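Data block below; observations after.
The values are calculated or read from the model by the stated rules, or taken from the named source; none is laboratory data. All values derive from a computational prediction rather than experimental measurement. Don't worry about glycine lacking a Cβ; one is built from the backbone with ideal geometry, like all the others, and counts go over all protein chains shown.
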Amino acid sequence: MSVIVNEVRRSTYLDSIVLMRISRQLAELPGVEEAGLVIGTPANKEILREAHILGPDGAKAEPGDLIVALRAKDSAAAEAALAEAKRLLEHPEISGAPALENASRTMRAAFQRMPDANLALISVPGHFAAAEARKALAFGLNVMIFSDNVPIEEEMALKREARERGLLVMGPDCGTAIIGGVPLAFANVVPRGDIGLIGASGTGIQEVSCLVARAGGGISHAIGTGGRDLRAEVGAIATLMAIDALEADAATRHIVLISKPPAEAVARLVLDRVARSRKPFTICFLGARDLALPANARCAATLKAAAELAMGRAAENGPTQLSLLRADGGKLVRGLFAGGTLCAEAQIVFRQAGLAVASNVPVPGAAAIADANRGHLMIDLGADEFTRGRPHPMIEPSVRDRPLIDALADPAVGVILIDVVLGYGGHRDPAGHVANVINSHDRRPLILASVTGTDRDPQPRDAQVQRLTEAGVIVAESNADAADMAIRAIGG
Amino acid sequence: MIVRSGVLAREFCRQNAHAEVAAVFERSLYLRYADMFVCLGAPAIGNGPLTLIADFRPARLHRGQGASISARGIMIGDAARLSFDRCEPWQPPRWPLALSPRELIDVGQAIAARSAIEAPAEGLGRVHAQGRGETPLGRIARGRIARFASWLRGALETDRVSLAESNAVQDLIGLGPGLTPSGDDFLAGALALLDALAEIKAHAALAGAINASPRRLTSPLSGCLLRAAAAGHIGEHLHRAIAAVISGDVDTAVAAIRNIGHSSGWDMLAGATTALSVVATARSPGSRRRP
């Protein structure tokens, strides 16, 4: 029989977000059937009564009191949940993240706690990031700078200083890395293997590492460089040092470079270094044309092709019957992407098929949206115009809601193309969120998706794929496959 | 140093009171004296009638600490001394001109559609759209909001509201989760909307019903904020949102609302759109409302 327990905390005021978060955490504990944290107003007691979680103690609470109300399947589950509630309420700061028992307030204190550490991950407001990175370098640590808004002059100075010390600076704005099998920031759970990745693009690294993993391969290390490393001012300092590191790493057999097209002089510099390597390379400079590659390197036009070349075999295409898919009604494709590199890859697939395409972040050969005359559109929802004052769509999938609703309602749109990016750092149920939006609308153009992730991610890919397919979405094996299916569906 | 002060916050400080730290958050704290509260916080929290903005972080302060308040400044134990020497008063700008009733109805529908998807599941943001999986709050709130809308319609049409009928207002007070219960935020949003559309009598009727309600219906902190709203004092983010609503700028309204707590902003928007629908309908040609 169910057990109701209430605890009343006198004159307790906590942030609403903390109260909601603790409520949810309690509700997810084993054996807990219902949980709520509300102030003890008469109206709220009525709600608790309606939810069958109001006990005698809660009934006596005053409006300034906080009621912790639980209903569990037995006494043991109720007591355990109440103990957890007390712990979270005593330390509300830990309710949003795992307990940081080793948290240190300064770089020095952190280094003293972990003298064997060889890498510092810096995630502070951009204005302070360079100063923290310098401290880390002074302690002999390699640095991953997750922060953005770091001036390029600071990036240049930091990377030069690091090079002189024989250390690597990944970033700024480095969103993804996997070092020694440990995913850092936005990254997926992939097996260790013999393919090394170097990328200026976070979602590019994620897509390639996941395609490799799902095809049975593994990643030795994935080194992010930050989006500006291949610009002429920075001169590919991190990329060249990453190549040196993977060249020296016995566990790395094949190296993949992923980036937007670099400045010409920088591309020459990087490819000269590739030519001196003893290892084979795959070069995926998305949108680049006429690359003169050394003999040990092959060019991949898409992320999928990069994964296939690195593996030495074609990735799975999945069971979908491509030829059977047809868009009803509308003839336009609307791509709505959380991943900027996935948006770029979709544009490239369209350009390769000879189709005109426009984007808010166009690749070479694509049009800017302002210049487009109502054609196929690929929207990068991580761009500033969508994320100003809001989290990135990989964290907050509702950023896509409005554009998705507009596309669902637009009779000219025959195919909607979306990506779902899983892994650490991302939303816990992005596919479920998209499915809810789709299910709340009657009109259903053909909706095609890719799901970047693995079954071992915090949001297992198989369950996420199921959420989408239940909503009528066709899930392709890769982002490039989804774009290709969209083209076939409109008869392109 | 305190750089900006809301009207009511400055009045509070002129009382030369010994207050107490009632709550401490990451970027702000609340000081309490009797049943009055002021919020002291960093600029990012936004201006408000009961807010003092300072170059300040409440680290090392804790609930229950004594605070000495005067017209010259605030001292909280030995940990914080903040002066009013360079403090400027804050007041919201004037409301912009409103759209036509027909256009306002469209704006209300557009906001309801956004809220149905973007508002958090907790609170009243989705109450107009919830179907399957409705929460206990939603089940209780739906009928009460309908009664409130009916009460407001009556207030607009007859200019007379009896105290007995004001149960439709009181039933929302103290209802729902959060530091400020969703029902209180809902009413604050409705008050702001009525003020923005210059519905003076309806605003006065709603404020009267709130002020006549028993204090025990909600928490002392939320009651203080609600009474401020009833007196026509609202915060910067809500003001920006409502100004955008009556101008038809839904994106700006939603962006402003996102700055207010977890679900509080959406609750306020739900109250504002409920009132908007009632007022716009009453103003439409053919309504029974007396000129």
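Can you tell me which of (1) modelled with pLDDT of 95 or more; (2) within 14 Å of chain A (Cβ to nearest Cβ) is the one B:PRO49 doesn't meet?
(2)
May I ask you to say which residue of B:LEU8, B:LEU31 is surrounded by 19 or more Cβ atoms within 10 Å (Cβ to Cβ), in a helix (DSSP H, G or I) and among the aliphatic types (A, V, I, L, M)?
B:LEU8
So which residues in the range A:9-33 are more than 26 Å from the chain's Cα centre (by Cα), within 7 Å of chain B (Cβ to nearest Cβ) and assigned to a helix (DSSP H, G or I), if there are any at all?
Correct list: A:SER16, A:LEU19.
Being assigned to a loop (DSSP other than H, G, I, E, B) and either assigned by TED's automatic domain parsing to the domain that holds A:ALA305 or under 22 Å from A:PHE186 (Cβ atoms) (or both): is that true of A:GLU233 here? First the steps, then the outcome.
On the way: assigned to a loop (DSSP other than H, G, I, E, B): yes; either assigned by TED's automatic domain parsing to the domain that holds A:ALA305 or under 22 Å from A:PHE186 (Cβ atoms) (or both): yes.
It is true that A:GLU233 is assigned to a loop (DSSP other than H, G, I, E, B) and either assigned by TED's automatic domain parsing to the domain that holds A:ALA305 or under 22 Å from A:PHE186 (Cβ atoms) (or both).
Could you tell me how many of the residues in the range B:66-82 are surrounded by fewer than 14 Cβ atoms within 10 Å (Cβ to Cβ) and part of a strand (DSSP E or B)?
2
This table checks each residue for (1) within 14 Å of chain B (Cβ to nearest Cβ); (2) touching a residue at least 60 places away in the same chain (Cβ under 8 Å).
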site	(1), (2)
A:MET394	no, yes
A:ARG402	yes, no
A:ILE405	yes, no
A:ILE416	no, yes
A:VAL420	no, yes
A:HIS433	yes, no
A:LEU446	no, yes
A:GLN466	no, no
A:GLU470	no, no
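How many residues are assigned to a loop (DSSP other than H, G, I, E, B) and surrounded by 15 or more Cβ atoms within 10 Å (Cβ to Cβ) if we restrict to the range A:459-491?
To start, the set of residues in the range A:459-491 that are assigned to a loop (DSSP other than H, G, I, E, B) comprises A:459-460, A:471-473, A:477-478, A:490-491.
Okay, now just the ones that are also surrounded by 15 or more Cβ atoms within 10 Å (Cβ to Cβ), so A:459-460, A:471, A:473, A:477-478, A:490.
Residues in the range A:459-491 being assigned to a loop (DSSP other than H, G, I, E, B) and surrounded by 15 or more Cβ atoms within 10 Å (Cβ to Cβ): 7 in total.
Could you check the range B:170-278 for helices (runs of 4 or more DSSP H) lying wholly inside it with 2 or more residues that are in contact (Cβ under 8 Å) with a residue 24 or more places away in the chain, within 19 Å of B:PHE148 (Cα to Cα) and away from chain A (no Cβ under 14 Å)?
Details: elements: B:182-196, B:200-211, B:220-230, B:236-247, B:250-257.
Because the criterion is at least 2 residues that are in contact (Cβ under 8 Å) with a residue 24 or more places away in the chain, within 19 Å of B:PHE148 (Cα to Cα) and away from chain A (no Cβ under 14 Å), the helices (runs of 4 or more DSSP H) in the range B:170-278 that meet it are B:182-196, B:200-211, B:220-230.
What's the number of the only condition in (1) under 23 Å from A:LEU269 (Cβ atoms); (2) buried (at least 24 other Cβ atoms within 10 Å of the Cβ); (3) at pLDDT below 95; (4) not basic (Lys, Arg) that A:LEU197 fails to meet?
It is condition (3) that A:LEU197 fails.
Which one is farthest from the other protein chains (Cβ to nearest Cβ), of the residues in the range A:57-81 that are in a helix (DSSP H, G or I) and acidic (Asp, Glu)?
A:GLU79
Which one of these does A:ALA297 not meet: (1) over 22 Å from A:VAL349 (Cα atoms); (2) over 25 Å from the mean Cα position of the chain (by Cα); (3) aliphatic (A, V, I, L, M)?
Of (1) over 22 Å from A:VAL349 (Cα atoms); (2) over 25 Å from the mean Cα position of the chain (by Cα); (3) aliphatic (A, V, I, L, M), only one is false for A:ALA297: (1).
From the list A:ARG231, A:ARG276, which one is at pLDDT 95 or above and of a type in the set (Lys, Arg)?
A:ARG276
Test A:ILE243 against the criterion of being assigned to a strand (DSSP E or B) and within 21 Å of A:ALA305 (Cβ to Cβ), and give yes or no. Spell out the reasoning first.
Numbers: assigned to a strand (DSSP E or B): no; within 21 Å of A:ALA305 (Cβ to Cβ): yes.
So A:ILE243 does not fit the description; no.
Restricting attention to the range A:417-448, which residues are in contact with a Gly (Cβ under 8 Å, 6 or more places away or on another chain) and modelled with pLDDT of 90 or more?
Of everything in the range A:417-448, those that are in contact with a Gly (Cβ under 8 Å, 6 or more places away or on another chain) and modelled with pLDDT of 90 or more turn out to be A:LEU417, A:ILE418, A:ASP419, A:VAL420, A:VAL421, A:LEU422, A:GLY423, A:ILE438, A:PRO445, A:LEU446, A:ILE447.
If you go through the range A:82-110 one residue at a time, how many are under 28 Å from the mean Cα position of the chain (by Cα), modelled with pLDDT under 80 and either over 30 Å from A:ALA69 (Cα atoms) or part of a loop (DSSP other than H, G, I, E, B) (or both)?
10
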